[in-house]
1. Give the long-range amide H neighbours of R73: residues separated by 5 or more places, or on another chain, with amide H under 5 Å away, using H modelled in the peptide plane at 1.01 Å from N.
2. Run the Debye formula on the Cα coordinates of the stretch 41-140, all scatterers equal and no solvent, and tell me log10 I(q)/I(0) at q = 0.19, 0.23, 0.25 1/Å.
Amino acid sequence: MQKDKRFIIIILIVGVVALAGIVGFIGSGNIRHVQIFWQETVKQTVAFQDTEEGVKMVGIKGIQGENPDLISRTSFAYLLTVINQGDKHHRLYIEGLEIQTDLLAPGENQTLTIYPVEEGTYNYYDKRQYLEKLGQIKILTVVPSDGFQGIWKDLI
């Protein structure tokens, strides 16, 4: 009788330790059915529109408002789709990054892929015969949780 109790207790302890080991192994990311490390992207879509007051940029996807402040992160691919919904030709030009679309006819669109490496604020323009400032693009650095210091590191 005493041997049976010991045997059951040992089996229970071994079972609990094995379960903890399996949960720890799987929880550490060692078993995945898909790859979890892919290139992250920020996607936004904007459109040129012509009004009586002039040209404006309107956020369509990922951003809202007229002549919006576009926001992206460093070390992420930034996909900016530009659509010309106006009745004139337009070209988006980003000063400082020296990136621009082709001259877009009404109804055309183009996607720019930008890989920002440092923080900054850059003006964007409609570049046709002259530059007409429409808004800004802000590139920000987001600190990963292991980059926090002091009390913040202990809370994460």
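1. L140
2. Result of the Debye calculation: -0.85, -1.27, -1.51.
Only the coordinates and a few stated rules stand behind these numbers; no lab work does. It should be emphasised that the depicted structure is a prediction, and the values quoted were computed from it without experimental measurement.
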